[in-house]
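Chemist: Pasting in a structure now, in structure tokens, and then I'll have a few things to ask.
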Amino acid sequence: MPSTLTTFGYPSLDELRSSPGYPARERAEKGPVAVIECVQEIPCNPCETACPRGAIRVGIPITNLPALDADKCTGCGVCIPKCPGLAIFALDMTYSATEAALSFPHEYLPLPRPGDVVVAVDRGGKAVCASRVLRVSDRPANDRTAVVTIAIPKEHADRVRGIARRSEGNDIG
Amino acid sequence: MRIVHHPVLGEQPAARTVEVTVDGRKVVAREGETIAAALMAAGIKVHRYTRRKGAPRGLFCAIGQCTDCVMIVNGMPNVRTCVTPVADGMTVETQRGGGPAQAGGNTRRRSAGSGDRVRDGDD
Amino acid sequence: MTEFDVAVIGAGPAGLAASIEAARRGCRVLLMDSNLRPGGQLVKQIHKFFGSKEHRAGTRGIDIAVGLHREALEAGVVFWPDTSVYGVFPGGALGAVRGMLGGEPRGVVVRASTLILATGASENAVNFPGWTLPGVMGAGAAQTMINVERVLPGRKVLMVGSGNVGLIVSYQLMQAGADVEAVVEALPRVGGYGVHAAKISRAGVPILTSHTVLRAFGETEITGAEIARIDESWTPVPGTSRRVDADLICIAAGLRPYARLAMLAGCRMTYSSALGGWLPLHDRAMRTSVPGVYVAGDVGGVEEASTALEEGRIAGISASERLGMIGAADAARDREEAEARLSSLRMGPFGRPRYDAKEAIYEEGANACPRP
Ligand SMILES: Cc1cc2nc3c(=O)[nH]c(=O)nc-3n(C[C@H](O)[C@H](O)[C@H](O)COP(=O)(O)OP(=O)(O)OC[C@H]3O[C@@H](n4cnc5c(N)ncnc54)[C@H](O)[C@@H]3O)c2cc1C
Ligand code: SF4
Ligand code: SF4
Ligand code: FES
């Protein structure tokens with residue numbers, strides 16, 4: 001089954017919307033919610049174990065796709081750093097009148113700082129727009145997967161999934 | 001090219017350094033690392049030249065299986081630099097063919113649990 | 001000469017799990033590995049692993065290794081690092097060399113009535129003109145350099161192969177500070193998990209399916225490569241070739257069972273393309289065709305750490321049964337849980353082909369592998 005994901009390496013919106021982890025537009029408009037971009041049946045379930053509200057279900061067999069119960073989900077983002085696929089995001093369409101807040105996992109250096117203006121990118125790494133860093137969470141419980149939250153224009157909420165990687169953070173000497 | 005900061009592994013911890021001489025050049029290495037790592041940190045990529053064609057070889061498997069990385073260490077040829085730790089005062093030389101007077105013989109015999117791969121017959 | 005009940009060769013997840021289960025059931029277990037640190041492939045895996053709680057999923061590979069090692073020591077397993085096993089002699093004796101990495105190498109002979117082979121897998125190669133130049137290396141080698149030695153083998157990387165290894169090592173090279181120019185994949189589809197591919201796509205790495213490397217450029221070290229699109233018959237499409245500048249080309253062309261010792265031990269071999277190639281025939285309880293010799297993990301078919309752990313558990317239980325530490329009924333019951341988890345891991349589009357291949361091997365093995 002050729003798909004955008006298997007041909008190019010990232011899923012199309014259609015592939016995502018037909019998976020059980022992608023919240024409906026109407027739900028997203030109401031407030032913070034998780035966005036799970038995991039559309040292949042792989043043997044994995046830490047997302048299910050991580051959610052304190054039981055909003056993600058994988059069940060048995062472990063290769064089931066993760067299904068999001070958007071009514072139970074509060075968009076808290078606890079599941080984001082637990083997913084080994086770095087495939088979970090959180091979206092808050094109510095952040096302001098014009099902007100949405102997007103949280104995503106980030107494991108590169110340099111780590112952005114709140115207030116930084118950075119380039120937001122889409123699933124294929126293409127620059128989409130400028131964004132403002134709102135929060136950076138690097139708590140010990142995240143186990144070295146930082147969760148970065150940025151503000152982006154609402155119209156890009158379905159497209160933006162991260163920030164441009166910069167390659168100068170490791171101080172190669 | 002040492003990786004000083006790393007998002008998962010953190011800062012490179014301090015280590016004692018040792019000095020090795022590579023083809024006459026002094027190279028500072030971290031105690032405990034392999035010769036191959038010290039060379040790579042110093043930007044040295046060619047470890048040896050093959051016997052027949054004189055083709056350059058460098059690190060390939062990094063686990064002691066392919067023998068591409070062998071060099072002359074303290075006068076002994078055919079030492080697999082990817083699994084041999086550095087030591088202070090060590091001399092390391094680029095190897096040409098089997099080394100001086102083909103001493104040391106078959107490189108593959110030296111490596112237990114290895115010898116699975118010969119890259120193009122031109123050892 | 002040193003005597004143990006069970007000798008386990010290879011301290012990856014399979015060997016560690018096997019050692020723990022056997023030691024907990026009262027066997028005297030010796031675990032050997034040619035590396036200094038236990039964990040096998042795990043010692044260079046700095047990403048969080050798939051699987052479920054039973055496999056410590058969500059934990060980074062390096063940390064899984066530390067946890068398993070601790071459990072093994074608590075269970076009374078004797079661990080010999082820096083010990084390369086080179087021979088299996090008739091009557092169950094093993095020849096090994098200790099101290100190749102540190103100190104003076106010395107030969108030892110180990111005697112154990114039961115042997116568990118957990119020697120893992122080795123990397124496949126692909127040839128193209130220039131592939132022997134310095135700067136072309138196995139993806140596993142690059143991973144060892146960045147994550148174990150903390151030295152960057154190149155700043156501009158071309159990755160050949162889009163299986164999980166190619167995708168994960170690409171990601172980790174970027175975490176280490178390199179730029180990955182492209183991943184080329186000869187097949188028309190990405191080989192590894194979509195989530196791993198999506199991770200590097202977000203960082204702007206193009207994954208070029210139906211592409212191959214035609215040659216590497218460079219005199220004494222590589223400076224780049226020529227890549228091109230290929231058609232269904234793997235022929236380069238005219239007009240599509242282009243140069244990619246790179247100072248590192250990594251080959252991630254898959255893994256195959258590292259079965260040398262199994263062959264030396266006289267195990268009957270069988271072939272499975274879904275599991276990486278030739279592997280020692282075995283049954284569901286991980287018995288091989290040679291009485292007292294068991295296999296577990298990638299050596300019995302290349303899969304994942306989670307499956308390696310479960311197979312290791314099963315092999316450890318079977319070894320304990322053979323040594324009379326537990327009865328046949330208890331052994332069967334203990335194995336059952338792990339078997340159920342294994343089946344569940346081998347589902348979905350990636351797992352199903354491995355499930356089918358393993359079932360065929362178990363079936364063949366049921367007749368060829370003697371029960372105690
Ligand atoms: C880049 C990469 C990423 C991966 N990511 C994941 C993941 O996210 N999730 C997952 O579940 N799996 C993952 N895997 C797969 C997983 O690492 C392996 O399937 C697993 O490690 C296999 O375990 P094992 O115990 O069979 O073998 P290994 O881990 O390979 O261990 C074998 C050990 O045997 C030793 N050995 C071999 N021969 C001898 C000898 N003659 N004498 C002494 N010692 C010997 C070797 O030194 C080695 O330490 C990944 C693998 C790679 C390469
Ligand atoms: S965002 Fe919070 S509530 Fe929603 S699925 Fe994740 S952990 Fe559960
Ligand atoms: S933890 Fe992540 S990769 Fe694993 S099943 Fe859940 S969403 Fe998919
Ligand atoms: S790179 Fe050292 S033996 Fe292969």
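Chemist: List the residues whose amide H sits under 5 Å from the amide H of C:Leu31, counting only those 5 or more places along or on another chain, with H placed 1.01 Å from N in the peptide plane.
Modeler: When sequence neighbours closer than 5 places are left aside, the close amide H contacts are C:Val8, C:Val78, C:Phe79, C:Trp80.
Chemist: Which whole-Hz ³J(HN,Hα) couplings does segment C:325-335 yield from phi under the Karplus relation 6.51 cos²θ - 1.76 cosθ + 1.60, θ = phi - 60°, glycine and proline marked x?
Modeler: Each residue's phi maps through the Karplus curve to give 6, 9, x, 4, 5, 4, 4, 4, 5, 4, 5 Hz.
Chemist: Return the long-range amide H neighbours of A:Val121 (sequence gap of 5 or more, or a different chain), with a cut-off of under 5 Å between placed amide H atoms.
Modeler: When sequence neighbours closer than 5 places are left aside, the close amide H contacts are A:Val128, A:Arg161, A:Gly162, A:Ile163, A:Ala164.
Chemist: For A:Lys154, go through the aspartates and glutamates and keep the ones whose alpha-carbon is under 16 Å away, minus same-chain ones fewer than eight residues off.
Modeler: Partners within reach: A:Glu26, A:Glu29, A:Asp92, A:Glu99, A:Asp122.
Chemist: Quick one: which residues, 5 or more positions from C:Arg155 or on another chain, have an amide H under 5 Å from its amide H? H modelled 1.01 Å from N in the peptide plane, none for Pro or chain starts.
Modeler: C:Asp247
Chemist: Taking a temperature of 20 °C and a viscosity of 1.002 mPa s, what whole-number D in µm²/s does Stokes-Einstein yield for the protein assembly as shown with Rh from Kirkwood over alpha carbon pairs?
Modeler: The Stokes-Einstein estimate is 83 µm²/s.
Chemist: For every helix of n ≥ 4 consecutive DSSP H residues, a contribution of -39,500 (n - 2.57) applies; sum these over the protein assembly as shown, divide by its total residues, and give [θ] at 222 nm rounded to the nearest 500 deg cm²/dmol.
Modeler: Helix-only estimate at 222 nm: -6500 deg cm²/dmol.
Chemist: Let me ask something else about it. So what's the Cα pair-distance distribution over segment C:1-107, bin width 5 Å, in %?
Modeler: 3, 13, 21, 22, 19, 13, 6, 3, 0
Chemist: Tell me, rounded to the nearest percent, the portion of alpha carbon pairs in segment C:296-355 spaced more than 12 Å apart. Spell out each step's value before the answer.
Modeler: On the way: 1163 of 1770 pairs.
Above the 12 Å cut-off, segment C:296-355 has 66 percent of its Cα pairs.
Chemist: Moving on to the next point. Which value, in nm² and rounded to one decimal, describes the direction-averaged projected area of the C-alpha convex hull of segment C:268-372?
Modeler: That works out to 5.7 nm².
Chemist: Please compute the contact order of segment A:4-163 in relative form: average sequence separation of alpha-carbon pairs under 8 Å and at least six residues apart, divided by the residue count, as a percent. Walk me through the intermediate numbers first.
Modeler: On the way: 343 pairs, mean separation 30.7, N = 160.
Answer for segment A:4-163 is 19 percent.
Chemist: Can you give me the three principal axis dimensions of segment C:118-166 from its C-alpha atoms, in Å, biggest first?
Modeler: 35, 25, 19
Chemist: Here is a follow-up. What is the diffusion coefficient of segment B:1-56 in µm²/s, taking the Kirkwood radius over Cα pairs and the Stokes-Einstein relation at 20 °C with a viscosity of 1.002 mPa s?
Modeler: 164
Chemist: Tell me, what HN-Hα J-couplings in whole Hz come from the Karplus equation 6.51 cos²θ - 1.76 cosθ + 1.60 at θ = phi - 60° for each residue of segment C:262-267, using x for Gly and Pro?
Modeler: Karplus values, whole Hz, x for Gly and Pro: 4, 5, 4, 6, x, 5.
Chemist: Rounded, prolate or oblate: which fits segment C:241-329 when a ≥ b ≥ c are the square roots of the eigenvalues of the alpha-carbon gyration tensor, with rounded for a/c under 1.5 and prolate only if a/b beats b/c?
Modeler: Because a/c hits 1.5 or more and a/b exceeds b/c, segment C:241-329 counts as prolate.
Chemist: So what are chain C's ellipsoid semi-axes, whole angstrom, largest first, if each one is the square root of 5 times an eigenvalue of the alpha-carbon gyration tensor? Could you put the intermediate results ahead of the total?
Modeler: Details: eigenvalues 284, 97, 70 Å².
Values for chain C, descending: 38, 22, 19 Å.
Chemist: In a GNM of chain C with a 10 Å cut-off on Cα contacts, which of C:Val183, C:Val108, C:Val299 has the highest mean-square fluctuation?
Modeler: C:Val108
Chemist: Still on this structure: Just from the alpha-carbon atoms, what are the Rg and Dmax of segment A:52-173 in angstroms?
Modeler: In order Rg, Dmax, the Cα atoms of segment A:52-173 give 15.1, 50 Å.
Chemist: How large is ³J(HN,Hα), in whole Hz, for each residue of segment C:361-372 in order, when computed from phi with the Karplus curve 6.51 cos²θ - 1.76 cosθ + 1.60 and θ = phi - 60°, using x for Gly and Pro?
Modeler: Computed from phi, the couplings for segment C:361-372 are 5, 4, 5, 4, x, 4, 8, 8, 10, x, 7, x Hz.
Chemist: Per the Kirkwood treatment, what hydrodynamic radius in Å, one decimal, follows for segment A:1-85 from the mean inverse distance over all distinct Cα pairs?
Modeler: Computed over segment A:1-85, the radius equals 13.3 Å.
Chemist: Restrict the search to segment A:140-173; then list the trypsin sites (Lys or Arg not before Pro) that DSSP places in a loop and that have at most 13 other Cβ atoms within 10 Å of their Cβ.
Modeler: A:Arg166
Every number here is computed from the coordinates shown, using simple stated rules; none is lab data. If you're wondering where the values come from, they're calculated on a predicted model, not measured in any experiment. Here Cβ is always computed from backbone atoms with ideal geometry, including for glycine, and neighbour counts include all displayed protein chains.
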